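Participant: What follows is a structure written as structure tokens; I'll ask about it next.
All of the numbers you see were taken from the coordinates with simple rules; none came from a lab. Nothing here was measured: the structure is a model prediction, and the numbers come from that model. Reconstructed Cβ throughout: ideal geometry from the backbone, glycine too, with neighbour counts over all protein chains shown.
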Amino acid sequence: MSAADRLALLRRAVRDYDGVWTTRMVQQLYRAHGYAAPYRRTSKNDLALLARQGLLVLDDTDPGRRIYHLNRVVPRG
């Protein structure tokens with residue numbers, strides 16, 4: 001599957017699961033949907049991309065951990 005397919009999967013999952021997202025959770029999502037276990041960097045970059053696009057908000061208040069959550073200002077439709 002392509003990078004576009006992978007990102008579409010992540011976008012749907014983020015909208016469906018209204019909670020915290022971490023790199024590990026994204027890796028597990030990708031594996032569960034048949035992607036060969038992607039590098040951690042791939043998951044990290046995908047989360048950062050969705051944050052730049054405004055879908056996610058980064059919470060880096062803990063310097064040892066980056067978490068993302070759905071940006072509630074963005075319409076879900």
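Participant: Do the sum for the chain: with -39,500 (n - 2.57) for every DSSP H run of n ≥ 4, divided by all residues, what is the mean residue ellipticity at 222 nm, to the nearest 500 deg cm²/dmol? Please report the intermediate quantities before stating the final value.
Facilitator: Working: 3 runs with 37 residues, N = 77.
Mean residue ellipticity at 222 nm (helix-derived): -15000 deg cm²/dmol.
Participant: Here's another thing I want to ask about it. Report the equivalent ellipsoid semi-axes for region 3-70 in whole Å, largest first, defined as the square roots of five times the eigenvalues of the gyration tensor built from alpha carbon atoms. Don't jump to the answer; show the numbers that get you there.
Facilitator: Working: eigenvalues 65, 36, 23 Å².
Three semi-axes, in Å: 18, 13, 11.
Participant: Among 20-30, 52-62, what's the highest-first ranking by average C-beta atoms within 10 angstrom per residue?
Facilitator: Details: 20-30: 17.5, 52-62: 12.8.
Descending packing order for the listed peptides: 20-30, 52-62.
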